[in-house]
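Q: Pasting in a structure now, in structure tokens, and then I'll have a few things to ask.
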Amino acid sequence: MSAVPEAMPAIRPDPREIAFYARSVHAVARDLIGCALSHGASAGRIVETESYHETEAACHAFIGETERTRPLLGAPGVAYVYRSYGIHALLNAVAEEDGVGAAVLIRALEPLEGVAAMRTRRGVDSDEDLCSGPGKLTQALGIGLELNQTSLVGGPVEIHPPRATAPPPRIVTGPRVGITKAAELEWRFCDADSPHVSRPRPPAMRTR
DNA sequence: CATGGGATTGACT
DNA sequence: GTCAATCCCATGC
């Protein structure tokens, strides 16, 4: 047995490395809370995510490999962007090893940088309406379908670790939003203290 | 080839 | 609370 140093700093996996994404999709979803997402000059702190896995019916990859789901089944650390309800672009981070269909849906951000540009692209003023939903945040950051399959490591959309001095977020979990299949799974992760999460707000969610 | 259904949002009753 | 917008994709005839 080796001695465990006292006051060893908590090691957080680094989202600037592919290895961050090549893990359990649920661990990735949880660890993304508090990280920063950037595109161009705009950036926001991730405050809400959901995990999806090919073994459950709410995941697009549940049906197997098609043209649409190919990115999901591919290498980790890649963006999966798809059109939802014919209107919105939704951003996911592909997770788990190559060949396993799994991804984390980014659902809400706290605006950090380039906020004026976000207001312009969204056409709203309130900071809490800028990125408090998966379709809102892609519009705010100017993320469209053309970024599907781009790398999240060194690509146009990047994810940065939390500041070392930032306290770890208090995370609550609950059922995923807006799905009809596998609705019993509590694979939604929120920063319990953020006013920037999407609706429904998570008072009924469990603290972990 | 026709059809139905969304990992949503914003406007409206 | 209800509901339409809007289009890609998967499925079925």
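The values are calculated or read from the model by the stated rules, or taken from the named source; none is laboratory data. Predicted model only: the values in this text are computed from it and were never measured. Ideal geometry is used to build each Cβ from the backbone, glycine not excepted, and the neighbour counts take in all protein chains shown.
Q: Sort out which residues of the stretch A:79-115 are part of a loop (DSSP other than H, G, I, E, B) and farther than 14 Å from A:Cys35 by Cβ, and write them in order of number.
A: If the condition is that a residue be part of a loop (DSSP other than H, G, I, E, B) and farther than 14 Å from A:Cys35 by Cβ, then A:Tyr85, A:Gly86, A:Ile87, A:Glu96, A:Glu97, A:Asp98, A:Gly99, A:Val100, A:Gly101, A:Gly114 are the ones that fit.
Q: Quick one: would you say A:Leu105 is away from DNA strand C (no atom under 16 Å from the Cβ), under 26 Å from A:Glu56 (Cβ atoms) and either in contact (Cβ under 8 Å) with a residue 24 or more places away in the chain or surrounded by fewer than 20 Cβ atoms within 10 Å (Cβ to Cβ) (or both)? Can you show your working first?
A: Details: away from DNA strand C (no atom under 16 Å from the Cβ): yes; under 26 Å from A:Glu56 (Cβ atoms): yes; either in contact (Cβ under 8 Å) with a residue 24 or more places away in the chain or surrounded by fewer than 20 Cβ atoms within 10 Å (Cβ to Cβ) (or both): yes.
Spelling it out, A:Leu105 is indeed away from DNA strand C (no atom under 16 Å from the Cβ), under 26 Å from A:Glu56 (Cβ atoms) and either in contact (Cβ under 8 Å) with a residue 24 or more places away in the chain or surrounded by fewer than 20 Cβ atoms within 10 Å (Cβ to Cβ) (or both).
Q: When you check A:Glu96 against the structure, is it within 14 Å of A:Tyr80 (Cα to Cα) and surrounded by fewer than 16 Cβ atoms within 10 Å (Cβ to Cβ), yes or no?
A: no
Q: While we're on this one: Looking at A:Pro162, A:Pro134, which one is touching a residue at least 12 places away in the same chain (Cβ under 8 Å) and more than 16 Å from DNA strand C (Cβ to nearest atom)? Before you say what the answer is, go through the steps one by one.
A: Values: A:Pro134 fails: more than 16 Å from DNA strand C (Cβ to nearest atom).
Criteria check complete, one pass: A:Pro162.
Q: Can you tell me which residue is surrounded by the fewest Cβ atoms within 10 Å (Cβ to Cβ) among those in the stretch A:33-90 that are in contact with a Phe, Trp or Tyr (Cβ under 8 Å, 6 or more places away or on another chain) and of a type in the set (Ser, Thr, Tyr)?
A: Among them, the one singled out is A:Thr55.
Q: Further question on the same structure: Is it the case that A:Arg16 is part of a loop (DSSP other than H, G, I, E, B) and modelled with pLDDT of 95 or more? Quick ask: steps written out before the conclusion?
A: Details: part of a loop (DSSP other than H, G, I, E, B): yes; modelled with pLDDT of 95 or more: yes.
The answer is yes for A:Arg16.
Q: Cβ-Cβ under 7 Å, sequence separation 6+ or interchain: first residue in the stretch A:66-89 and under 14 Å from A:Val100 (Cα atoms), partner hydroxyl-bearing (Ser, Thr, Tyr) and near DNA strand B (Cβ under 10 Å from one of its atoms). Which pairs?
A: A:Pro71/A:Tyr80; A:Leu72/A:Tyr80
Q: Condition test on A:Val81, is it closer than 22 Å to A:Ser132 by Cα, of a type in the set (Val, Ile, Thr) and more than 14 Å from DNA strand C (Cβ to nearest atom)?
A: It is false that A:Val81 is closer than 22 Å to A:Ser132 by Cα, of a type in the set (Val, Ile, Thr) and more than 14 Å from DNA strand C (Cβ to nearest atom).
Q: Mind listing whichever residues of the stretch A:151-166 are in a loop (DSSP other than H, G, I, E, B) and surrounded by fewer than 17 Cβ atoms within 10 Å (Cβ to Cβ)?
A: A:Gly154, A:Gly155, A:Pro156, A:Arg163, A:Ala164, A:Thr165, A:Ala166
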